[in-house]
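Visitor: Below is a structure I'd like to ask you about.
The values are calculated or read from the model by the stated rules, or taken from the named source; none is laboratory data. Worth saying up front: this structure is predicted, and the values here are computed from it rather than measured. Cβ sites come from the backbone with ideal geometry, for glycine too, and all protein chains shown count toward neighbours. These area figures cover heavy atoms from the full protein model, side chains too; ligands, DNA and RNA do not enter into them. Shrake-Rupley method; radii C 1.70, N 1.55, O 1.52, S 1.80 Å.
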Amino acid sequence: MSISPDKDSGKYSDKYSDKYQVLKQVFGYDGFRPGQEALIDSILEGRDTLGIMPTGAGKSMIYQIPALLMEGITLVVSPLISLMKDQVEGLNQAGVHAAYLNSSLTAGQYFKALEYARGGRYPIIYVAPERLLTDSFLSFAMEARIAMVAVDEAHCVSQWGQDFRPGYLRITEFIDRLPVRPVVSAFTATATAQVRDDMIKILRLQNPAVTTTGFDRSNLYFGVMAPKDRYGAVRNYLETHPGSSGIVYCLTRKNVEEVCERLRADGFSATRYHAGLSDEERRRNQEDFLYDRARIMVASNAFGMGIDKSNVRFVLHYGMPKNLESYYQEAGRAGRDGEPAECILYYSGQDVITNQFFIDNNQDNQELDEKTRELVRQRDRERLRRMTFYCFTNECLREYILRYFGEYGSNYCGSCQNCMTQFETVDVTAEARALAGCVAACRKRYGVNVILDTVHGAKTAKIRQYRMEENPQYGVLAKTPLFRLRQIMNELMLREYLTVTSDEYAIVRLTEKTAVLLDEEQLAAHGPVTMKMAKEQEKAPGGSKETRGSRKKLKTAGSVVLTEEEEQLFERLRSLRAELAREEKVPPYIVFSDKTLVFMCRQRPKTLEEMLEVPGIGGHKLEKYGRRFLEELCRRP
Ligand code: ADP
Ligand code: ZN
C-alpha cells in the first residue's frame, strides 16, 4: 500500500537537478521518447501543456518528471482506480512516494493518506475527479502548495469522446478555488480536432503548448480476417502463439462468457472481464491477467483503460468495435514495451448490425436534447461506416488508421497484413455494372445478400418469393464465386458507388456516383473500375480473407531474437521476477518490463554498475533488485 509511514521524505525538488537525472536515476532510461522532452520543458517553464500521444508513448513520465523537479505537489486527475493503482505502484517501486485518493480506500486509509500528504510526503498524488470538491480534499488543497494539476485521459471532459465523465467538468472549478493557479497539463490518446478543442476550452488551458506526436505504432502488426469459423480462427491463433499473453476483445458480455468458457474447455489459461461481473470477480480476474496467472484475458471494452501491462503480445478482436477510435485504443494495448505485437480483427457481417443496435439504443446521452442526440447518432453511424471499411480495404491497414486520425504517411508500411499480401489490380467493371444494375432494377429494396444471390443466380425460396428471377441481372455473374462478388460489393460501397441504409434493414441504395456505372457515356469518360485483389485467391477459391496473407515472420526495427541459451536465461530471470513480484505484491511488469529482462540477457551485466546501463533500471530498483538479478545472471544453470 502506498501510504506506509516511513519518514525519509525530504524535498524531492532538492534531490534532483534536472530532467535527465530524474529520467536516469528514477526510471532508469537514457533518453526521451519523441514528444516527451518538449512537453516536460513547457511544464517546467510554467506553461499549460497539452500532450496528445498514442497509448504506450510514455505520457505519464511527462508529468511525473516535472513533478519531482517542481516545488510543491502535483495532483494527477485520473478516471480509473486501476490506473491510479498501477501508476502509484510503479512510482513506489521506483522509489518515489506517491498516493492515490479514491473510493477504493477506507475512510481510515483516506484520512491517513491526507495526513501524510499534509506532511509533505508525496510529491505526486492521484485523485479521482469526484473527490476534488469534497470538503476534506479542498481543505487540504487550499493549504498545500499545488504546483501542477495534471489531467490524465483528458478526453473524458468531452461529450464528443466516448468516455465522457461528468466529474471532469468540475476540474476547473477546483482549480479556481486554489489560492494560486497551478500549471495545468492534460494528456490523452484521442486525436480528433473536436476533442482537442474541447480539452483546451473546458479545462481552460491558458496559451497551452500543444504537442501531438505521430500516432503510428511501428511495432504493431495489423491484420483483418473474416473467417467462417471465428472461434476456430481465434483458437488456432492461440495455439500457434503459445506462451505469450494477450487480450481477446468481444462485442457483448454474452460473447465474453462463451469465448472464455470454450477456451477453458479447450485447455487454455483464460479469464474474463465485463461490466456485468461483480467488482470482486473483475478485480480478481484482472489481477490474474496482470500477474501472468492467466495468459489470456477475454473481455468486453470495459477492460483495459489505463492498464499498463507492458508485455501484451497480441490483441485479438472477436468482432468489430464501433469505431476506429475504440479499435486503435484497444489494439494499442498490445506491445507497450515496444516489442513486436499483433493486432488482428476477426470480422463478421453481423458485427455491423450489433453495433448499429448499440448506436440506436445508446442511453449514454440522456441529458442531451433530442436534436443533439440525433446528431450524435449520425456521427456514430458515420464512424461505424469508416470502421467497417477498415475490414474491407485492401490498402495498407496502418495507413488507413493513420489517415483516419488525420496523419498521412506512405501508402505502404510493409508490416500489416495487406502490405504483406501480394495483390494484383483487377478490372471489375462488368461485375460492378451488374451489381449496380441489379440494385437499380429491383427498385432499391433489398439487402446485400439478396443482391448477391440474384446476380449469382441462386435458386433459393427467398429469391423466388421476391421474384428476383425476373431481374435483368439475374444469374449474369453465375460463374463468379460468391466470396468474390461480396468483395466487389464491399469495394463499391467503400468507394461510394453504392451505399447501404444505416437502419436495421441495411438496404442497398444508389448514390450520385452510381450513374458512372449505369450510363455508357459517363463510364467511357470515367474509365474501367479496378480494384486490388489478393493473388492467392486465384489458386484457392472458396477462401476469403482467411486464407490469404502467407505471413512472413515479423521483425521490426529494435526487436530482438534471443538465442536458445538467452531464452533459457530469460525464463530464469522471469521466474525470479515473478518471485519478487509476489514478495512485493505487485504485478511482475512493475518490477521490470520484459524489455529490461531481454536487455539483461543480451548485455549480461557483471557488476551493479554495469547493471545501471540496462534500460529500465534506475537507482532505486538497482538497490532493491540488482543483487538478486546479478546472482541469477552469474549462476550456472
Ligand atoms: P501512455 O500513458 O502514453 O500510454 P506510459 O506512460 O504508460 O504510456 O508508458 C508506456 C511504457 O513506456 C512504460 O512502461 C514506460 O516505463 C515506458 N517509457 C516511457 N518513457 C520512456 C522512455 N523515455 N524510455 C523508455 N521507456 C519509456
Ligand atoms: Zn501496411
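Visitor: Using 7 Å Cα-to-Cβ label points, what is the A193/R145 separation (nm, one decimal)?
Guide: According to this spin-label approximation, the distance is 4.3 nm.
Visitor: 7 Å from Cα along Cα→Cβ at both N411 and I353: what's the point-to-point distance in nm?
Guide: In this crude label model, N411 to I353 measures out at 3.5 nm.
Visitor: Evaluate the distance, in nm, between pseudo-label points positioned 7 Å from the Cα of L169 and of E71 along their respective Cα→Cβ axes.
Guide: Placing both labels 7 Å along Cα→Cβ, they lie 3.8 nm apart.
Visitor: Of the heavy-atom accessible surface of the chain (probe 1.4 angstrom), what whole percent is carbon and sulfur?
Guide: Ligands and nucleic acids excluded, carbon and sulfur reach 49 percent.
Visitor: Tell me, what is the percent relative contact order of segment 236-383, built from C-alpha pairs under 8 Å that lie six or more residues apart? All intermediate terms of the calculation are to be shown ahead of the outcome.
Guide: Details: 212 pairs, mean separation 34.3, N = 148.
Taking the mean separation of contacting Cα pairs over the length of segment 236-383, I get 23 percent.
Visitor: Can you classify segment 196-336 as rounded, prolate or oblate using the Cα gyration tensor, where a ≥ b ≥ c are the square roots of its eigenvalues, rounded means a/c under 1.5, and otherwise it's prolate if a/b beats b/c and oblate if not? Kindly include the intermediate steps, with their values, before the conclusion.
Guide: Values: a/c = 2.00, a/b = 1.67, b/c = 1.20.
Prolate is the answer for segment 196-336, as a/c is 1.5 or above and a/b outweighs b/c.
Visitor: Show me the trypsin sites (Lys or Arg not before Pro) within segment 436-486 that DSSP assigns to loop and that have at most 11 other Cβ atoms within 10 Å of their Cβ.
Guide: Working: sites: R443, K444, R445, K459, K462, R464, R467, K479, R484, R486; in loops: R443, K444, R445, K459, R467, K479.
Of the trypsin sites (Lys or Arg not before Pro), the ones in loops of segment 436-486 whose Cβ has at most 11 other Cβ atoms within 10 Å are R443, K459, R467, K479.
Visitor: Measure nothing but the geometry: give the 0 to 90° angle between the long axis through the Cα atoms of 193-202 and the longest principal axis through the Cα atoms of the chain, rounded to 10°.
Guide: So the inclination is approximately 40 degrees.
Visitor: At a Förster distance of 35 Å, what's the computed FRET efficiency of A302 paired with R602, Cβ-Cβ distance as r, to 0.05?
Guide: Result of the calculation: an efficiency of 0.40.
Visitor: Order V529, V448, most accessible first, counting only protein heavy atoms with a 1.4 angstrom probe.
Guide: On the way: V529 5, V448 35 Å².
I get V448, V529, largest accessible area first.
Visitor: Let me ask another. Full-extension gain between R283 and T563, please, as 0.36 nm times their residue separation minus the C-alpha to C-alpha distance.
Guide: Net length gain for the segment: 97.1 nm.
Visitor: Per 0.36 nm of contour for each residue apart, how much would the distance between L375 and D519 grow if the chain were fully extended, relative to their Cα-Cα spacing?
Guide: Numbers: separation 144, 0.36 × 144 = 51.84 nm, distance 3.50 nm.
Extra length from L375 to D519 when fully extended: 48.3 nm.
Visitor: Same structure again: Can you list residues whose amide H is under 5 Å from G618's amide H, if they're 5+ apart or on another chain and H is modeled 1.01 Å from N?
Guide: It is G28, by chain and number.
Visitor: Here is a further query. What does the accessible area per residue of the chain come to in Å², with a 1.4 Å probe and no ligands, DNA or RNA counted?
Guide: Heavy-atom accessible area per residue stands at 44 Å².
Visitor: Can you list the HN-Hα couplings for segment 44-59, worked out from phi with the Karplus curve (6.51, -1.76, 1.60; θ = phi - 60°), rounded to whole Hz and with x for Gly and Pro?
Guide: So the J values, rounded to whole Hz, are 5, 7, x, 9, 4, 8, 10, x, 10, 9, x, 3, x, 6, x, 6.
Visitor: Still on this structure, I have one more. Pairs of alpha-carbon atoms within less than 8 angstrom and 6+ residues apart define the contacts here; what relative contact order does the chain have, in percent?
Guide: 14 percent
Visitor: Given a 1.4 Å probe and heavy atoms of the protein chains only, how would you sort E374, E491, E130, largest accessible area at the top?
Guide: Ranked list, largest accessible area first: E130, E374, E491.
Visitor: Something else about it: Distance between the C-alpha centers of segment 327-367 and segment 593-629? Whole Å please.
Guide: Spelled out, the Cα-based centre of one part sits 37 Å from the other.
Visitor: Can you give the accessible area of K585 in Å² (nearest 10), computed on protein heavy atoms with a 1.4 Å probe?
Guide: 150 Å²
Visitor: Here's something else I'd like to know. In sequence order, what are the phi-derived ³J(HN,Hα) couplings for segment 111-119 according to the Karplus relation 6.51 cos²θ - 1.76 cosθ + 1.60 with θ = phi - 60°, rounded to whole Hz, with x for glycine and proline?
Guide: So the J values, rounded to whole Hz, are 6, 4, 4, 4, 5, 4, 4, 4, x.
Visitor: For the chain, state the semi-axes of the equivalent ellipsoid (square roots of 5 times the eigenvalues of the alpha-carbon gyration tensor), sorted largest first and rounded to whole angstrom.
Guide: The three semi-axes for the chain are 49, 29, 22 Å.
Visitor: Holding the Cα-Cα limit at 29 Å, pick out from K59/K371; K24/K201; K479/K535; K59/K322; K59/K624 the pairs that are longer than that.
Guide: The pairs that break the limit, which is 29 Å between Cα atoms, are K59/K371; K24/K201.
Visitor: From the backbone phi of segment 523-533, what are the Karplus-calculated ³J(HN,Hα) couplings (6.51 cos²θ - 1.76 cosθ + 1.60, θ = phi - 60°) in whole Hz, Gly and Pro given as x?
Guide: 5, 4, 5, 6, x, x, 8, 10, 8, 7, 10
Visitor: Does segment 459-540 come out rounded, prolate or oblate, given a ≥ b ≥ c as the square roots of the eigenvalues of its C-alpha gyration tensor, rounded meaning a/c under 1.5 and, failing that, prolate meaning a/b above b/c? Write down the numbers at each step before the final one.
Guide: Numbers: a/c = 1.45, a/b = 1.12, b/c = 1.29.
In terms of gyration-tensor shape, rounded.
Visitor: Among the chymotrypsin sites (Phe, Trp or Tyr not before Pro) within segment 358-464, which fall in a DSSP loop and have no more than 14 other Cβ atoms within 10 Å of their own Cβ?
Guide: Y408, Y412
Visitor: Taking the Cβ-Cβ separation of F111 and A430 as r and a Förster radius of 56 Å, what is the calculated FRET efficiency to the nearest 0.05?
Guide: FRET efficiency, F111 to A430: 0.15.
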